[in-house]
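Okay, structure first, notes after.
The values are calculated or read from the model by the stated rules, or taken from the named source; none is laboratory data. Quick caveat: nothing in here was measured; it's all calculated off a predicted structure. Backbone-built Cβ (ideal geometry, glycine too); neighbour counts: all protein chains shown.
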Ligand SMILES: [Zn+2]
């Protein structure tokens with residue numbers, strides 16, 4: 001059950017004061033140099049990190065607010081760079097079909113899959129969607145997520161996609177919840193009255209222009225996969241989105257090596273996610289083009305599929321991030337659980353896995369205010385997790401419970 005967070009309320013006057021976190025056991029800053037900081041204290045001013053110090057002597061007689069973390073460790077706030085945040089209903093019944101050997105595509109053909117979620121999502125009112133989203137954000141926060149990418153994609157018409165975007169916009173303004181990067185993903189699937197061709201035409205002539213006009217989206221994403229949006233359709237939608245000022249993201253090669261990774265490299269999109277079946281040749285092209293690969297280990301975990309060979313990809317110095325891929329088939333809000341899959345099931349080091357959900361994720365999912373995130377250093381946004389353990393490695397070692405004791409979220413202290 002979610003336990004309501006206790007927010008240390010600061011008065012408007014006090015909010016301009018310093019907060020000093022001290023008595024830190026160990027701290028992984030994720031800075032390039034000296035990442036494992038010996039610093040024992042962090043000074044926070046407004047929503048930014050002001051300094052990292054060994055001693056708090058200089059502030060002893062000031063009116064700063066002091067928070068003794070009692071020897072606990074600290075890591076940057078987690079960034080969930082791939083989340084299908086907003087949808088209604090559930091599809092737990094589909095597990096039986098998967099057990100019988102039915103594929104994602106076969107379940108979709110039977111009327112299940114995304115279309116079932118689209119039907120449920122269209123049925124509920126905006127207020128209910130808002131409350132669904134708010135609860136999911138609270139849950140993510142409990143697991144240390146301080147910034148989250150939220151995709152639409154369960155509306156699949158101009159009207160319903162815009163409705164989802166406006167609910168995300170409302171959620172953006174709520175205090176003491178993870179901040180949001182909003183992604184329009186109208187090109188997620190098609191409804192039965194459309195073909196992929198006719199829906200692509202509608203997106204280009206109506207939905208995308210209306211989305212651009214609304215100014216509600218930071219990025220555009222396309223599900224580029226054989227049987228879904230083709231490479232050509234994806235290219236048309238992405239080029240038009242870029243022209244309209246949106247950043248580009250893609251879902252590629254989740255089920256087969258279908259050319260999505262190639263297109264990602266050609267268009268130099270910010271991140272190409274899933275990418276489980278992308279060839280090594282294409283991975284190198286993506287790397288050369290500056291495209292981040294976004295691995296989503298929770299999806300194969302939930303579906304019983306294999307993981308890609310992370311060690312081989314790591315050995316080729318291919319940059320990648322990791323995220324939850326929270327969706328109706330993958331009820332994972334916990335970044336530490338994703339870390340556990342990487343570290344305790346796939347041989348990744350706690351440091352490399354942490355980089356994937358902090359500074360690497362920050363590259364694919366930037367803040368709109370331009371503040372640096374995913375690192376603990378002066379000038380960066382004051383987002384960090386105080387863990388239960390004195391050892392920072394604990395962030396990914398408790399898969400069934402949250403390792404997070406309390407959070408500094410945009411400079412506000414939150415206890416659970
Ligand atoms: Zn996804």
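Residue pairs whose Cβ atoms lie under 8 Å apart, sitting 6 or more positions apart in sequence or on different chains, and linking a residue in segment 357-372 that is on the phi < 0 side of the Ramachandran plot to a partner that is modelled with pLDDT of 95 or more and in a helix (DSSP H, G or I), are 357/335; 357/338; 357/339; 372/362. When 27, 17, 1 are checked against the criterion of being in contact with a helix residue (DSSP H, G or I) (Cβ under 9 Å, 6 or more places away or on another chain) and either at pLDDT below 60 or in the same structural domain as residue 60 (by TED's automatic domain parsing) (or both), 27 stands alone in meeting it.
Report yes if residue 150 is within 13 Å of the chain's Cα centre (by Cα), within 23 Å of residue 91 (Cα to Cα) and assigned by TED's automatic domain parsing to the domain that holds residue 208, otherwise no.
yes
For beta carbons closer than 7 Å, sequence separation of 6+ or different chains, a first residue in segment 79-95 that is over 28 Å from residue 146 (Cβ atoms) and a second that is part of a loop (DSSP other than H, G, I, E, B) and more than 13 Å from the ligand (Cβ to nearest atom), the qualifying pairs are 91/112; 94/112. Of everything in segment 309-324, what is away from the ligand (no atom under 14 Å from the Cβ) and crowded, with 24+ Cβ neighbours inside 10 Å? Give them in sequence order. Residue satisfying the conditions is 320 alone.
Considered as a group, the residues in segment 254-275 that are outside any loop (DSSP other than H, G, I, E, B) and within 15 Å of the ligand (Cβ to nearest atom) include one that is farthest from residue 182 (Cα to Cα), and that residue is 260.
Of the residues making up segment 279-308, those that are surrounded by 14 or more Cβ atoms within 10 Å (Cβ to Cβ) and more than 15 Å from the ligand (Cβ to nearest atom) are 282, 283, 284, 285, 286, 287, 289, 291, 307, 308. For segment 88-103, the criterion of a residue being within 16 Å of the ligand (Cβ to nearest atom) and buried (at least 16 other Cβ atoms within 10 Å of the Cβ) is satisfied by at least one position. Among all positions in segment 254-266, there is at least one residue which is surrounded by 18 or more Cβ atoms within 10 Å (Cβ to Cβ), in contact with a helix residue (DSSP H, G or I) (Cβ under 8 Å, 6 or more places away or on another chain) and closer than 25 Å to residue 349 by Cα.
Just checking, which of 381, 343 is modelled with pLDDT of 95 or more and outside the structural domain of residue 185 (by TED's automatic domain parsing)? From the options 381, 343, the qualifying one is 381. Might you check whether a residue that is in contact (Cβ under 8 Å) with a residue 24 or more places away in the chain and under 18 Å from residue 332 (Cβ atoms) occurs anywhere in segment 54-76? No: zero hits. Of the helices (runs of 4 or more DSSP H) entirely within segment 325-386, those holding at least 2 residues that are surrounded by 17 or more Cβ atoms within 10 Å (Cβ to Cβ) and over 12 Å from the mean Cα position of the chain (by Cα) occupy 335-344, 350-356. If we keep just the residues of segment 137-154 that are within 15 Å of the ligand (Cβ to nearest atom) and in a loop (DSSP other than H, G, I, E, B), which is nearest to residue 218 (Cα to Cα)? Of everything passing the filter in segment 137-154, 152 is nearest to residue 218 (Cα to Cα).
Go over the candidates 206, 197, 218 one by one and state the one that is in contact (Cβ under 8 Å) with a residue 40 or more places away in the chain and surrounded by fewer than 16 Cβ atoms within 10 Å (Cβ to Cβ).
Of 206, 197, 218, the one residue that is in contact (Cβ under 8 Å) with a residue 40 or more places away in the chain and surrounded by fewer than 16 Cβ atoms within 10 Å (Cβ to Cβ) is 206.
All told, residue 222 meets the bar of being under 19 Å from residue 86 (Cβ atoms) and in contact with a strand residue (DSSP E or B) (Cβ under 7 Å, 6 or more places away or on another chain). Evaluate segment 406-415: report whether one residue or more is within 27 Å of residue 318 (Cβ to Cβ) and in contact (Cβ under 8 Å) with a residue 40 or more places away in the chain. No: zero hits.
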